[in-house]
1. Distance check, please: which entries in Lys6/Lys124; Lys165/Lys190; Lys6/Lys112 exceed 25 angstrom between their Cα atoms?
2. Where a Cα-Cα gap under 15 Å defines reach, which aspartates and glutamates qualify for Lys160, not counting those fewer than 8 residues away within the same chain?
3. Would you work out the Kirkwood radius for the chain? I mean one over the mean of 1/r across all pairs of different Cα atoms, in Å.
4. Where does the range 1-109 land on the Kirkwood hydrodynamic radius, alpha-carbon pairs, in angstrom?
5. Would you calculate, for the chain, the mean residue ellipticity at 222 nm contributed by helices, counting each DSSP H stretch of 4 or more residues as -39,500 (n - 2.57) and dividing by all residues, to the nearest 500?
6. How many angstrom lie between the C-alpha centres of the range 49-75 and the range 105-137?
Amino acid sequence: MPNIRKSIEIVICIQIMIISAMIPVYFSLPIFNSDSQILEFPITWQIPLVILITLIFNGQVVGTAFTIYLLLGLFLIPVFYDGGSLGYLLTPNFGYLIGYYPIIIIIDNLKKKNRSIDIYSFLKSSFFGIALMHIVGIFYSVIQNLYLQQIDNLIYNISKYSLGKFGYHLLMLAPITLLINIINRINKFKNDN
């Protein structure tokens, strides 16, 4: 029975990862003397939802699902935001995808340490996880640009993929903080059963 439950959780996580990679972040801002203004962030919902599913499911389940997601994108179907295939290894985006593993590990450790997660601990761990993701992405970009001898692209890649998106990733923690109490109840229910 536990193997079936774990398999179902992995499939759910993979589905969430694939779908969230395709949904850009938009916010509607009400403006006076106008209907509304749509604000588009240059990111998708994937990072906040990976954090969310790591808070709900076991980190090992999310890590396994993420590995399967990477393999699907590299070898079978284009599930990444900008496509897929082995050619994706040559893009700076792949370094940031590898950086999801530290986020999963850090959020899972937070969940294991605290029976009930408080907002401050969540924000601190998430900030650290997102920062590590960007560090891994920058490191990957440095190695990639040195190997391909395209040093002139390095500053562009760092500014586009890290400096340009880090603040947006942190802003996307706000919706999850609103769900912390619900997540604590879900985890309490799971632990009791």
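Read the figures in this text as sums done on the coordinates, not as results from a lab. Note that the structure is predicted; figures quoted are calculated from it, not measured.
1. Numbers: Lys6/Lys124 29 Å; Lys165/Lys190 34 Å; Lys6/Lys112 18 Å.
Over 25 Å apart, Cα to Cα: Lys6/Lys124; Lys165/Lys190.
2. Partners found: Asp82, Asp152.
3. Working: mean 1/r = 0.0562 Å⁻¹.
About 17.8 Å, per the Kirkwood formula over Cα pairs.
4. Numbers: mean 1/r = 0.0662 Å⁻¹.
The answer is 15.1 Å.
5. Values: 10 runs with 124 residues, N = 193.
Value at 222 nm, helices only: -20000 deg cm²/dmol.
6. First find each Cα centre; the distance between them is then 16 Å.
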